[in-house]
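K.L.:
Dumping the structure here so I can ask a few things about it.
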Amino acid sequence: MPLIQYFIRKWVTAKPLSDARLRILYGKVPIYNKLPSGYKDLLHDRMKVLLHEKYFEGCGGLKLTEEMKVVIAAYASVLILEEKADYYGDLKSILVYPDDYFAPVNQETDGGFIEEGYENRKGEYWHAGVIVLSWNDIESQLYGEDRGSGQNLIYHEFSHFLDDRYGLTAGIDQNGDTLRDDEWTVVIAKAYRNLRFTGKHSFLDLYGAESPAEFFSVATELFFERPEKLLQENKKLYILLQNFYRLDPIRWK
């Protein structure tokens with residue numbers, strides 16, 4: 001870390017969190033009220049750095065508010081409470097749309113041709129250092145009809161960054177076969193195969209069957225949103241995520 005960045009972060013975290021931001025945390029970030037006091041303080045510091053360093057932009061006509069930025073930064077900070085991960089160092093921008101949006105996609109046909117089109121999305125992580133989010137989906141999952149579903153778009157997309165940074169699912173192919181034999185890879189691959197082939201009654205969102213990377217992000221969502229369900233369904237997977245994040249959300253209740 002450049003020395004100047006170190007001192008800027010020390011300066012940013014030394015300033016107290018404003019009363020306005022605290023009110024947003026208590027009123028609009030449900031998990032904040034469950035956190036032990038020590039983790040609340042850590043979350044404040046992580047948030048301050050993210051809000052200072054990352055560029056937040058409203059897209060598609062969305063007027064980005066302070067509340068939106070605080071909610072996103074708070075949930076992103078939960079994932080790095082015990083491991084700063086350099087505050088998502090390579091991440092530069094967080095783009096927020098009012099609702100689902102259309103993204104261009106290229107797909108290769110069986111004949112080897114490339115078809116161009118558009119796909120409806122709620123969010124995505126770009127390797128170029130950008131995370132894209134739909135605010136309507138965030139609101140629905142936190143306060144609306146999808147509350148309690150175990151889904152959280154912010155956890156999902158920011159965990160993609162962590163996966164990319166650490167190569168967490170790089171040892172698993174699309175079919176769930178392992179390219180490495182470490183415990184992490186073996187446990188994740190088995191859970192991914194179970195969801196992919198027999199996951200109809202799983203607490204995990206079936207979107208996790210799309211790929212190992214999507215599985216990791218879906219598992220992260222459930223780990224933080226409904227930890228007791230993940231522990232009930234797959235104790236080994238729960239312990240694996242508990243060790244990775246160095247957190248135990250079940251105890252927060």
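K.L.:
When the chain is modelled as a GNM with alpha-carbon springs shorter than 10 Å, which of Y143, Y32, Y88 fluctuates the most?
P.N.:
Between Y143, Y32, Y88, it is Y143 that shows the largest mean-square fluctuation.
K.L.:
Express in % the proportion of alpha carbon pairs of the chain at distances exceeding 33 Å.
P.N.:
Working: 6111 of 31878 pairs.
In whole percent, the share of Cα-Cα pairs in the chain beyond 33 Å is 19.
K.L.:
Tell me, what is the per residue accessible area of the range 130-182 in Å², probe radius 1.4 Å?
P.N.:
Normalised by residue count, the accessible surface of the range 130-182 is 40 Å².
K.L.:
Can I ask one more? Between S149 and K15, what is the FRET efficiency for a Förster distance of 25 Å, r being their Cβ-Cβ separation, to the nearest 0.05?
P.N.:
For R0 = 25 Å, the calculated efficiency reads 0.10.
K.L.:
A further question on this structure: If you take the beta carbon distance between K200 and M1 as r and set R0 to 45 Å, what does 1/(1 + (r/R0)^6) give as a FRET efficiency, to the nearest 0.05?
P.N.:
Numbers: r = 46 Å, r/R0 = 1.03.
The pair K200/M1 has a calculated efficiency of 0.45.
K.L.:
Ok, one more. GluC sites (Glu not before Pro), restricted to the range 124-157: which are DSSP loop and have at most 14 other Cβ atoms within 10 Å?
P.N.:
Values: sites: E124, E139, E145, E157; in loops: E145.
Sparse-neighbourhood loop GluC sites (Glu not before Pro): E145.
K.L.:
Now a separate question. So how far apart, in nm, are the two label points at K236 and D164 if each is 7 Å from Cα heading toward Cβ?
P.N.:
Between K236 and D164, the simple spin-label model gives 3.0 nm.
K.L.:
Can you list the lysines whose alpha carbon sits under 17 Å from that of K10, skipping same-chain ones fewer than 8 residues off?
P.N.:
Partners within reach: K48, K54, K84.
K.L.:
Ordered by packing density, taken as the mean number of other Cβ atoms within 10 Å over each peptide's residues, highest first, how do 24-31, 52-59 rank?
P.N.:
Sorting 24-31, 52-59 by mean packing, highest first, produces 24-31, 52-59.
K.L.:
Given a Förster distance of 45 angstrom, what is the FRET efficiency for E67 paired with D173, based on the Cβ-Cβ distance and rounded to 0.05? Display every interim value, and only then the final one.
P.N.:
Values: r = 41 Å, r/R0 = 0.92.
My answer for the efficiency is 0.65.
K.L.:
Taking the dipole about the Cα centre of the chain, with the C-beta of Lys and Arg at +1 and of Asp and Glu at -1, give me whichever of I131, L43, P2 is farthest to the positive side.
P.N.:
L43
K.L.:
Given points 7 Å out from each Cα along the Cα-Cβ axis, report the E228 to V186 separation in nanometres with one decimal.
P.N.:
In this crude spin-label approximation the distance works out to 3.2 nm.
K.L.:
On the accessible surface of the range 7-102, probed at 1.4 Å, how many percent belong to carbon and sulfur atoms?
P.N.:
On the way: 2350 of 4540 Å².
The nonpolar share, carbon plus sulfur, comes to 52 percent.
K.L.:
Over all alpha-carbon pairs in the range 198-237, figure out the percentage whose distance exceeds 13 Å.
P.N.:
46
K.L.:
If you take the Cα Rg of the range 1-97 and divide it by 2.2 N^0.38 Å, with N the number of residues, what do you get? Display every interim value, and only then the final one.
P.N.:
Working: Rg = 13.3 Å, N = 97, 2.2 N^0.38 = 12.5 Å.
Scaled against compact globular proteins, the figure is 1.07.
The values are calculated or read from the model by the stated rules, or taken from the named source; none is laboratory data. It should be emphasised that the depicted structure is a prediction, and the values quoted were computed from it without experimental measurement. As a convention, Cβ positions derive from the backbone with ideal geometry for all residues, glycine included, and neighbour counts pool all protein chains shown. The accessibility values were calculated without ligands, DNA or RNA, using every heavy atom of the protein model including side chains. Shrake-Rupley method; radii C 1.70, N 1.55, O 1.52, S 1.80 Å.
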